[in-house]
Amino acid sequence: MANVLVFAEVRGGELRKVALEALVAARQLAAASGGGAVHAVLAGAPGVGAHAAALANGGADQVLLLEHDGFAQYNPEALTATLAERLRFGSYGYALFSATAQGRDLSPRVAARLRTGLAPDLTGFRVEGDAVVGEHFTMNGKVVATLALTGSPALLSVRPAAFQPAADPRPLATEAITSAADPMASRVKVIALRQGNTGALDLNDAPVIIAGGRGLKAPENFRLCEELAAAFGNAAVGATRAVTDEGWRPHSDQIGQTGRNVSPTLYVAIGISGAIQHLAGMRTSKTIVAINKDKDAPIFKVADYGITGDAFEVVPALIEAVKQAKAQG
Ligand SMILES: Cc1cc2nc3c(=O)[nH]c(=O)nc-3n(C[C@H](O)[C@H](O)[C@H](O)COP(=O)(O)OP(=O)(O)OC[C@H]3O[C@@H](n4cnc5c(N)ncnc54)[C@H](O)[C@@H]3O)c2cc1C
């Protein structure tokens, strides 16, 4: 039996969906290792504790509440010290992070502080005896590496959207904790956060992504992606590097090896050839729909549904079809 410590990610004062995904993974870990408790660390400015109920509803047995003005923004040094101290002196077999910008920064810091191992960016795992055996996409997503992590505590991070948030309500139990290092004295200070991608939904939070490529010919034609995203209502717009390099879309919209890793329920690729570097960031999407006028485009090799045709004819028809389907409920 091993307890699991989860870092529940907050950004701009809001609890991120990835925090609830990490809780689902944590519950699976706790169950697989004989039924330990799941503790979630919730850090932020005073008032962040309002999110504790959502964490309890998502499966946290206890919410460790770290409220301080020094945590109003992501504070890597004080968080590293606090999580490392908890893991060193608590009875935790595992610590779980999200493989987001914050989690990718924080988890190796904590692992280094504890001189323990980290299995990053997992899309699934199982427990075999003393080891966690996790799956991790590598080589641009062409190879699934199997990582066996031993030692305690074992640190893992899970890829956004690899686990779906689920209600698993527990009685709300919170414990106020203090930072192991003065959060105001950190040498690294996040001064401000600027919303990068242009849509309302973050690419990692959106269940649907409409991604456009050079086949859209000009920046103004991305209105087709925007309109299709609006028709779905729960979609974000992404792009290829060809597009962001041209300056048609901001770099924060770029999906792929040198951009964002996404795993939405539905990924619609419009006028995208399917270069290996693009596939590296989206091939774990649950359902992939590709629209391309070239029937031999490599994107069709990973697509579940393919439409060979001109995006300027297909996408307006698709927008109408989605609107109609939505209207019919
Ligand atoms: C080190 C390195 C890192 C990279 N990292 C990334 C990355 O992170 N993300 C990424 O995306 N790329 C990355 N790239 C670039 C990548 O190799 C490709 O160049 C890029 O993905 C191509 O983008 P695209 O599909 O938009 O453009 P293109 O390859 O030019 O494809 C355009 C597609 O649109 C289709 N098309 C044209 N007109 C229409 C139409 N009217 N209707 C429908 N379809 C149409 C064409 O048939 C074609 O398949 C990287 C490259 C390198 C070397």
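For the residues Asp69, Asp61, the requirement of being surrounded by fewer than 24 Cβ atoms within 10 Å (Cβ to Cβ), touching a His at 6+ places or on another chain (Cβ under 7 Å) and not aliphatic (A, V, I, L, M) singles out Asp61. Restricting Val322, Val315, Val262, Val268 to residues that are over 30 Å from Phe163 (Cβ atoms) and touching a residue at least 40 places away in the same chain (Cβ under 8 Å) narrows the list to Val315. Restricting attention to the range 222-242, does a residue exist that is out of contact with any Gly (no Cβ under 9 Å at 6 or more places or on another chain), surrounded by fewer than 18 Cβ atoms within 10 Å (Cβ to Cβ) and farther than 28 Å from Gly329 by Cβ? No, the range 222-242 contains no residue that is out of contact with any Gly (no Cβ under 9 Å at 6 or more places or on another chain), surrounded by fewer than 18 Cβ atoms within 10 Å (Cβ to Cβ) and farther than 28 Å from Gly329 by Cβ. When residues in the range 243-262 are screened for being surrounded by fewer than 21 Cβ atoms within 10 Å (Cβ to Cβ), within 22 Å of Asp121 (Cα to Cα) and among the polar types (S, T, N, Q), 3 of them pass. When Pro264 is tested against (1) within 15 Å of the ligand (Cβ to nearest atom); (2) assigned by TED's automatic domain parsing to the domain that holds Asp310; (3) not in a helix (DSSP H, G or I), only condition (1) is not met. Looking across the range 275-296, the residues that are within 7 Å of the ligand (Cβ to nearest atom), buried (at least 22 other Cβ atoms within 10 Å of the Cβ) and not in a strand (DSSP E or B) come down to His278, Gly281.
The values are calculated or read from the model by the stated rules, or taken from the named source; none is laboratory data. All of these numbers come straight from a predicted model, not from anything done at the bench. Glycine gets a Cβ as well: all are built from the backbone with ideal geometry, and neighbour counts include every protein chain shown.
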